[in-house]
1. Which lysines does residue B:567 reach when only Cα atoms under 21 Å apart count, and residues fewer than 8 places away in its own chain are ignored?
2. Please average, across the residues of B:285-296, the number of beta carbons from any other chain that are within 10 Å of each residue's own beta carbon, and give a whole number.
3. Below 8 Å between Cα atoms, with a sequence gap of 6+, how large is the relative contact order for the stretch A:646-750 in percent?
4. Is there a simple number for the mean count of other chain Cβ atoms within 10 Å of the Cβ of residues in B:716-728, and what is it?
5. Pop out the carbon and sulfur fraction of the accessible area of the stretch A:240-290 as a percent, whole number, probe 1.4 Å.
6. What's the average, rounded to a whole number, of partner chain beta-carbon atoms within 10 Å of each residue's beta-carbon in A:704-711?
7. Just subtract the alpha-carbon distance of residue B:577 and residue B:134 from 0.36 nm times their residue separation and send over the number in nm, one decimal.
8. Arrange the peptides B:743-749, A:711-717 so that the one whose residues have, on average, the most other Cβ atoms within 10 Å appears first.
There are 2 protein chains.
Amino acid sequence: MANITKKVSWSGRGEERTPLLNGSEEVRYSRQSSGGSVFHIGRLSTVDLDEDITPEEDPVRSKPKEIPHNEKLLSLKYESLDYDNSENQLFLEEERRMSHMSFRCLEISRWVICGLIGFLTGLIACFIDIAVEYLAGVKYDLVKENIEKFTEVGGLSISLILWAVLNSAFVMVGALAVAFFEPVAAGSGIPQIKCYLNGVKVPRVVRLKTLLVKVFGVICSVAGGLAVGKEGPMIHSGAVVAAGVSQGRSTSLKRDFKIFEYFRRDTEKRDFVSAGAAAGVSAAFGAPVGGVLFSLEEGASFWNQMLTWRIFFASMVSTFTLNFFLSIYHKKPGELSSPGLINFGRFDMDNVEYSLYEIPLFIIMGAIGGVLGALFNVLNYWLTIFRIRYVHRPCLQVMEAMLVAAVTATVSFAMIYFSNDCQPLETVTSEDYPLQVGFGLCTYNPLTLGLFTLTYFFLACWTYGLTVSAGVFIPSLLIGAAWGRLFGLLLSLMTTGKLVWADPGKYALMGAAAQLGGIVRMTLSLTVILVEATGNVTYGLPIMLVLLTAKIVGDYFIEGLYDVHIKLQSVPFLHWEAPATSHWLTAREVMSSPVTCFNRVEKVGTIVDVLSNTSTNHNGFPVIIQAAASEEPGKLCGLILRSQLIVLLKHKVFVERARSRLSQRKLQLKDFRDAYPRFPPIQSIHVSQDERECMMDLTEFMNPTPYTVPQETSLPRVFKLFRPLGLRHLVVVDDENRVVGLVTRKDLARYHLGKHGLEELHLAHT
Amino acid sequence: MANITKKVSWSGRGEERTPLLNGSEEVRYSRQSSGGSVFHIGRLSTVDLDEDITPEEDPVRSKPKEIPHNEKLLSLKYESLDYDNSENQLFLEEERRMSHMSFRCLEISRWVICGLIGFLTGLIACFIDIAVEYLAGVKYDLVKENIEKFTEVGGLSISLILWAVLNSAFVMVGALAVAFFEPVAAGSGIPQIKCYLNGVKVPRVVRLKTLLVKVFGVICSVAGGLAVGKEGPMIHSGAVVAAGVSQGRSTSLKRDFKIFEYFRRDTEKRDFVSAGAAAGVSAAFGAPVGGVLFSLEEGASFWNQMLTWRIFFASMVSTFTLNFFLSIYHKKPGELSSPGLINFGRFDMDNVEYSLYEIPLFIIMGAIGGVLGALFNVLNYWLTIFRIRYVHRPCLQVMEAMLVAAVTATVSFAMIYFSNDCQPLETVTSEDYPLQVGFGLCTYNPLTLGLFTLTYFFLACWTYGLTVSAGVFIPSLLIGAAWGRLFGLLLSLMTTGKLVWADPGKYALMGAAAQLGGIVRMTLSLTVILVEATGNVTYGLPIMLVLLTAKIVGDYFIEGLYDVHIKLQSVPFLHWEAPATSHWLTAREVMSSPVTCFNRVEKVGTIVDVLSNTSTNHNGFPVIIQAAASEEPGKLCGLILRSQLIVLLKHKVFVERARSRLSQRKLQLKDFRDAYPRFPPIQSIHVSQDERECMMDLTEFMNPTPYTVPQETSLPRVFKLFRPLGLRHLVVVDDENRVVGLVTRKDLARYHLGKHGLEELHLAHT
């Protein structure tokens, strides 16, 4: 079991597995002897997963009986993003050169970019919608023709096979693209974007290739009739668009438009990515406000009024673009009142009322949704564990996807065959308006609804996590709508129709909200999304109630689906606040130490050696002034990043060369921006033996004012500084301003609140 | 002109005028010689308003020609709130004693409090609504009876006088209460709550007395027929309720319920106040999501997922309570589908469409709204300046309010007399559903609408800023609805009815949005509020467009109304980001220095003397370890607050007493909480001559890990630390960790972006 986690990850590739955080085994174990930490929980335990350590070897760990489990690990594989500007001299010089006017221009270009993001995201949504409609239409025509031809000769099984084969073929193409070209494009992409916005670098998540595979994949899987939706992937697509547009170039296509160069850093990119995610939601559900709230609730940790307005603008443009082009496509140009990709159908407007007596019913529904959602998540959790263990080869993954497609086709065929009410064929095959199943006005018989709920529940659960691009929103809504409608029907049956207010359509909506809320555990944004998507405000209050109940009940059992998947990937995800009971811990216990530091003027050889050391692979290095001939740690005077050092080495910015006027020009911020975000690895930079003896002056390039904390700072206080400021490295200093340690993301993410209080995750090179 | 600012302020009382921020004139001027700052803009210039300094006296200031103007000043009168926990030993001990379970209980009590806040806010809204309805009804009956009696005998002027007198009487009562009992209850209270959430302590803003006066005042002014709404004050009321409920006691009533003691500090209180403000919006407009967004957009600087959910819960409960009780009052118990206090009327549901061709029209309307809003703000700005100068006595203020009431009554009477369409009498007198004027289905003639817009615009502008409790939301909506409807009518007249889509009701809505957006400059929250209040999602997109345009156009001329009033009060308000062009400045230029520090073990006499020094009145003191017999500044080892020192002095926590076992017990966190938030002034604490020779050990009580920055940190970087963490004091240290300065709120708020780049405000003891 111990080597499970080595097999599958979001990126699914082996080459990017080197841990690039500051902190390594040698460091860890040397700490134990030197640190003398008081609290056992503060002790760091790095588990090397290749050896099965026995409890006896590690007696200090709090729960020695436990086998190191996937979930209790924190991967060292993930790098962090630099959400804190490195305000070095170059940066400050540039900022100071800029006039009031240029800042205003920057602000305007931010708005322009957001507009572009919205426009392109809307276009993509439009493209996906039309492509799916077209493909589903072709498929439907084919099958219908076939049924008409063969039904009289008893050849319904042939139709079934044709249908299953067609669906599997679609899904196969999509799964092939995902599995072999870009594994990170699998799923809805929401967990990945959540991680990105949290500050975790998920490899290749915002690349152009990912976008292409994602769009292609989602068209295939929706057209292939899987129990999936095309809404979730829109969020990922929007984020990729944002990351691309805002940089004014494409590294993949090797085109640089020489615009928006100012935005080539993680801080700015992040802001645009949150706008992109919001634009995606906005296009998917026709919910611009919901999009902004989604971005805030699920992603953005960094709230800012101006940013929010820009995000809002991007969302607005996105819905608008989608509606505009869809209205042209549907030959009603200029009619902009249609919603996003999904359509809940219209409510009978005279009927949108609810009364006090229904509130307890809604709360019960919320609780049911919470329980069912938790069940969904638990099943999916075990399924994912199974997949990580046994289904990690791309071809196996494609085969599983095809199998699911075939089974889905068979099941829906059977459903259609055995129940004849309300054109279920159209409902299940044509993916145009799948939600009509729940909110439409035709009455279903309870048996069909129950059966539908049951089968669709398991199908959707099986489908999520497949190697296809697809979202879980629509299936969840469908399941919920089905059992919600069933609930409403049973209610009116039980009371023999006396309850005039028991409109099944209303209960279908509540059920849909409850189920989706139970699975993804969003409340605020989901309320707004549902209100905006249904175009009806009256049910806002009960929807909120239902979602809150579903969340509270669901959280009792297991986390939300996205968090489950983030945890399964052992991502060092920082939650909103430090665990409540972590006041015991101080920076001294949490930090990694000793820290690899550089002198202000450092020998090139030393730098190259440190950077090349694959066993440590540090990313941030405090720059110190060493007191002459003393053994004690030097005084902090700055912080420099691996990426900056690499650019310096690449341009051979050595003191000797500067003196001998060998270097033509002073290094500028532009050189760093050009290298961003794919800085070359140290191995690709050739440094000759002579050059190794040169010196490098880091003064100009280091961040001279890194944020610091004293050693006695409590963990919650460190967290309060680290999280909202989006730091990557936080230097711990003693009362003489000497470097004693470094706190990074994984040092904080290690501590989390389990069932029995504070738990510490193990670090692993998975 | 220079002493204008001394006269009127929100709190309107003289006794709380002592500046309590760290930084004083002596300090300032000593800096000039020692600091040797490079940038002139970094120089501090404290203007003492009692002497009219001439430009020659202060030659270094960038614009010496300018007379020190109200707007260019920053008041030293306002204290800050401590949004950063002082994590001293007592606090850490308490936190460490608490189990996982107790944290969970705390979390539950937070939810309970939020529920209570929502419930009580809803009740208050309900009470205001019913009281206004009742009073307006009584008044209406009286006048109607009178009209019926006297019309035939030509005594319409008697009716007019009766009406005017009645209205003036109502307004007088309200204005008296506000002017003499609680001046801070004047206006909508939104600027005050905005400041509170920003971290500025506005005296008495969240007290019980303020709430009572506010509620009473708003009932009087609305019943008095002023051009005001009862919605704005709900936000303030919600905030007061929150601040009261969350503390589990009332200092005014001297009742302590011994509950929620953990929440007795600024950090926790602030969170609840944002929930209260949201609940207020929610009750006022029936817009729970809008409430949350309002709280986020206008107030909260401190975003946190859990907090947002709680805020959401409070909003939900508030709307729910209001609807529930109103449904009982209206004898339709259980019908919860009604909106908040305002009612926009229902839209004809078949008609809610718009087409692409209308988008430019909406944008034009947005621009008109922006211009009109800016005009409103400019007029109100000059009016407020006038009031500050000449109308600062309470009795004058009451008389002005009565005058406005009489004029309003006369004007509306005249309007009714000269125009007879669509029951305008009812529209203007009965305050039930005033918005029917804009959205109702009866057609007005353009002349009436134009006249209404004009008169109501100036009346509303005159009214805002009067010494009555009242909001500006409804008048803005009414003005906008009137000219919007006029716009729609003219449109269909011009095109001679060819434009079938030119529904005046739609344009009334857009006009209302444009006008309100132009005045208050909210976008995201206002969109949601309007969507929720109208109960219609379709117009969401055009409303957003209109609001964004109104904001952009309006911002070109002048800030939003609330910001104008905040600026007029010279409040040290921190915006979201540091001015873009402030990278020139570093902590060295910004900070106040030298800093008054204490030793870890300090003589009581020294402490008392420093605290009693009214010319400085510092609030935070770095605690240092002085190197023996050296002149240079000591090393930082902590930070202690004035309030903490006062509690220590009050309990006589002296080293000598502890040794001689005179003090019965160890001081606990509870002692600090009991004194919060009204810490006694130093003058009330008697320290004998013997005690002055005692020593005080601050180790246990100081915050041992204050956040620090090096001197070279740029202003934006300092801001980025200060603002999101809600700091009050930020210690500036040199590279040996020695204290060299202290950055407080006013040091950062001083720099703002003017028309010509970075400007520096002057500090004044107003």
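The values are calculated or read from the model by the stated rules, or taken from the named source; none is laboratory data. The model shown is predicted, which means the values in this text are computed figures rather than measured ones. Because the Cβ atoms are built from the backbone with ideal geometry, glycine has one as well, and the counts that use them run over all protein chains shown. Surface areas here come from the heavy atoms of the whole protein model, side chains and all, with no ligands, DNA or RNA. Shrake-Rupley method; radii C 1.70, N 1.55, O 1.52, S 1.80 Å.
1. Straight-line reach from residue B:567, under 21 Å: B:6, B:7, B:63, B:72, B:77, B:194, B:201, B:551, B:746, B:755.
2. Numbers: counts 0, 3, 2, 5, 11, 2, 0, 4, 7, 0, 0, 5.
Mean partner shielding for this stretch: 3.
3. On the way: 75 pairs, mean separation 22.2, N = 105.
For the stretch A:646-750, the relative contact order is 21 percent.
4. Details: counts 4, 8, 1, 0, 7, 4, 0, 2, 9, 5, 1, 0, 0.
The per-residue average across the peptide is 3.
5. Numbers: 830 of 1390 Å².
Accessible surface attributable to carbon and sulfur in the stretch A:240-290 totals 59 percent.
6. On the way: counts 4, 10, 3, 8, 6, 4, 9, 1.
Partner-chain Cβ atoms within 10 Å, mean over residues of A:704-711: 6.
7. Details: separation 443, 0.36 × 443 = 159.48 nm, distance 4.69 nm.
Full extension of this stretch gives 154.8 nm more.
8. Values: B:743-749: 24.0, A:711-717: 22.1.
Result, highest mean first: B:743-749, A:711-717.
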